[in-house]
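Trainee: Quick one: the structure is below, and I'll ask about it shortly.
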Amino acid sequence: MSDTLSIIRPDDWHLHLRDGPALRAVVGDSAKQFARAVIMPNLKPPVTTVALALAYRDRITTALSEAGVAPGAFTPLMTLYLTDNTSADEIDRAHESGAVVAVKLYPAGATTNSDAGVSDLLGCCGAVIERMQRVGMPLLIHGEVADPAVDVFDREAVFIERVMKPLRKAYPELRVVFEHLTTKDGVEYVRDAQGPVAATITAQHLLYNRNAIFQGGVRPHWYCLPILKREVHRQALVEAATGDSPRFFLGTDSAPHARGLKENACGCAGCYTALHAMELYTTAFDRAGRLDRLEAFASLRGPDFYRLPRNTTRVTLRREAYGIPHEVPYGDDTLVPLAAGESLGWRLA
Ligand code: DOR
Ligand code: ZN
């Protein structure tokens, strides 16, 4: 059994960097782990236009430089936040910008800062989706219905029936990424779908089932959306990530919230994993006996789907004990990484 693993430098195809002091606190962590990342637009106010996305990219570039990251060492790939009022012309501007790689769909009310999201996708956004299909701009989908009558553990499976299937029937050539997939239903849908569909998978959904949220008491740092599911779903995700299909690739969904907002009577959704993302993913692949598939998942399939060049430099992972810090600084506050205080068996060199 080899104790080192060399892979092409990975990318993170789903990342929350926040803004201001929070951005400055976390951006260096992602730059240590990844060469590029798709940056989520759910700021307050949301990043709804190319002008806002370019201004946000400038703030990220400044924060990278303040964090001591060499120019060009980490590339933020920007996204637009889809609303009921997004215009088709904005899609053309995004396509021509060279900076915006995709549009993100948050169903209104589904998650953090989704109030400005879409109320009725096919009813309100037909012209925009038509334009995206035409120019080849991917739609990144938070695939959960927000209907309060639907059980929180069923929201992804119901989304497939109510939204994903009608959407893809109406726009079969639309490029779609089913973000942070969490269920066997989702795995089967993406694996078997016709047309340009892919999915990202987080480290927490590969490593944990929903018992983790309740082990010995309520553990808010294991709470994210979509929520962790049953073991059968975790197993299906591991099979997908480590399997042959090119459609499944890495997206951490690292979503920092200050400690006090997580350890709260109404704790925020999101796991902070940017700090130790590759250590977490490598642990999951090692447990599945599929370290040989880590590079495809982390470094090859993502750029292939996004039609971007693969990275050319390499990174090394070593089999060695790595203690996850109990907390890290977060502006004036602190941030608790996923599985804080626990030990992992791999370390990114
Ligand atoms: O857990 C989550 N946190 N899921 C999301 O969809 C949003 C994210 C955030 O921005 O905090
Ligand atoms: Zn997210």
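Since every read-out is calculated from the coordinates, none of them should be taken as a lab result. Here the structure is a predicted model, which is why all the values come from computation and not from measurement. Positions of Cβ are generated from backbone atoms using ideal geometry, with glycine treated the same way; all protein chains shown enter the neighbour counts.
Trainee: Which of the residues that make up the range 311-321 are within 24 Å of Leu237 (Cα to Cα), out of contact with any Gly (no Cβ under 9 Å at 6 or more places or on another chain) and either surrounded by fewer than 18 Cβ atoms within 10 Å (Cβ to Cβ) or hydroxyl-bearing (Ser, Thr, Tyr) (or both)? Please lay out each step first, then the result.
Mentor: Taking the range 311-321 first, the residues within 24 Å of Leu237 (Cα to Cα) are 317, 319.
Still in the running and out of contact with any Gly (no Cβ under 9 Å at 6 or more places or on another chain): 317.
Listed by number, the list is empty, since nothing qualifies.
Trainee: Follow-up question, since we're still on this one. Could you pull out the residue among Pro325, Pro256 that is within 16 Å of ligand 1 (Cβ to nearest atom) and part of a loop (DSSP other than H, G, I, E, B)? Before you say what the answer is, go through the steps one by one.
Mentor: On the way: Pro325 fails: within 16 Å of ligand 1 (Cβ to nearest atom).
One residue alone meets the criteria, Pro256.
Trainee: Residues in the range 172-190 that are over 21 Å from Asn209 (Cα atoms) and either surrounded by fewer than 19 Cβ atoms within 10 Å (Cβ to Cβ) or β-branched (Val, Ile, Thr) (or both): how many?
Mentor: The number of residues fulfilling the criteria is 4.
Trainee: Going by the structure shown, is Asp11 touching a helix residue (DSSP H, G or I) at 6+ places or on another chain (Cβ under 8 Å) and more than 16 Å from ligand 1 (Cβ to nearest atom)?
Mentor: For Asp11, the condition - touching a helix residue (DSSP H, G or I) at 6+ places or on another chain (Cβ under 8 Å) and more than 16 Å from ligand 1 (Cβ to nearest atom) - is met.
Trainee: Given the options Ala67, Ala53, Ala63, Ala25, name the one that is closer than 26 Å to Gly143 by Cβ and small (Gly, Ala, Ser).
Mentor: Ala53
Trainee: Answer yes or no as to whether Val232 is over 20 Å from Ala274 (Cβ atoms), touching a residue at least 40 places away in the same chain (Cβ under 8 Å), more than 16 Å from ligand 2 (Cβ to nearest atom) and buried (at least 17 other Cβ atoms within 10 Å of the Cβ).
Mentor: Values: over 20 Å from Ala274 (Cβ atoms): yes; touching a residue at least 40 places away in the same chain (Cβ under 8 Å): yes; more than 16 Å from ligand 2 (Cβ to nearest atom): yes; buried (at least 17 other Cβ atoms within 10 Å of the Cβ): no.
It is false that Val232 is over 20 Å from Ala274 (Cβ atoms), touching a residue at least 40 places away in the same chain (Cβ under 8 Å), more than 16 Å from ligand 2 (Cβ to nearest atom) and buried (at least 17 other Cβ atoms within 10 Å of the Cβ).
Trainee: Of everything in the range 328-347, what is in a loop (DSSP other than H, G, I, E, B), more than 22 Å from the chain's Cα centre (by Cα) and surrounded by 14 or more Cβ atoms within 10 Å (Cβ to Cβ)? Give them in sequence order.
Mentor: The answer is Gly331, and nothing else.
To keep it simple, each residue is scored yes or no on (1) under 17 Å from Ser343 (Cβ atoms); (2) assigned to a helix (DSSP H, G or I); (3) within 16 Å of ligand 2 (Cβ to nearest atom).
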site	(1), (2), (3)
Gly260	no, yes, no
Cys266	no, no, no
Gly270	no, no, yes
Leu275	yes, yes, no
Thr283	yes, yes, no
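Trainee: Can you work out which of the residues in the range 259-280 that are of a type outside the set (Gly, Ala, Ser) and away from ligand 1 (no atom under 16 Å from the Cβ) is surrounded by the fewest Cβ atoms within 10 Å (Cβ to Cβ)?
Mentor: Glu279
Trainee: Answer with yes or no whether Leu23 is under 15 Å from Tyr272 (Cβ atoms) and within 17 Å of the chain's Cα centre (by Cα).
Mentor: yes
Trainee: So if I check each of Gly28, Gly68, Gly72, Gly20, which one is closer than 20 Å to Leu250 by Cβ and not acidic (Asp, Glu)?
Mentor: After ruling out the rest, the residue left standing is Gly28.
Trainee: Filter the range 99-128 down to the residues that are more than 28 Å from Pro303 (Cβ to Cβ), among the hydrophobic types (A, V, I, L, M, F, W, C) and more than 15 Å from ligand 1 (Cβ to nearest atom) and list them by number.
Mentor: Residues satisfying the conditions are Leu122, Cys124, Ala127.
Trainee: Name the pairs: first residue in the range 249-263 and within 28 Å of Gly186 (Cβ to Cβ) and touching a residue at least 40 places away in the same chain (Cβ under 8 Å), second residue more than 15 Å from ligand 2 (Cβ to nearest atom) and not in a helix (DSSP H, G or I), Cβ to Cβ under 7 Å, at least 6 apart or on different chains?
Mentor: From residues that are within 28 Å of Gly186 (Cβ to Cβ) and touching a residue at least 40 places away in the same chain (Cβ under 8 Å), the pairs are Phe249/Ala198; Leu250/Pro10; Pro256/Tyr330; Pro256/Leu335; Lys262/Val336.
Trainee: Sticking with this structure for a sec: Out of Arg234, Arg191, report the one residue that is among the charged types (D, E, K, R), over 16 Å from Arg301 (Cβ atoms) and not in a loop (DSSP other than H, G, I, E, B).
Mentor: Of the residues listed, the single one that is among the charged types (D, E, K, R), over 16 Å from Arg301 (Cβ atoms) and not in a loop (DSSP other than H, G, I, E, B) is Arg234.
Trainee: How many of the residues in the range 195-252 are touching a Cys at 6+ places or on another chain (Cβ under 7 Å) and either more than 14 Å from ligand 1 (Cβ to nearest atom) or closer than 19 Å to Val38 by Cβ (or both)?
Mentor: Adding up the residues that qualify gives 2.
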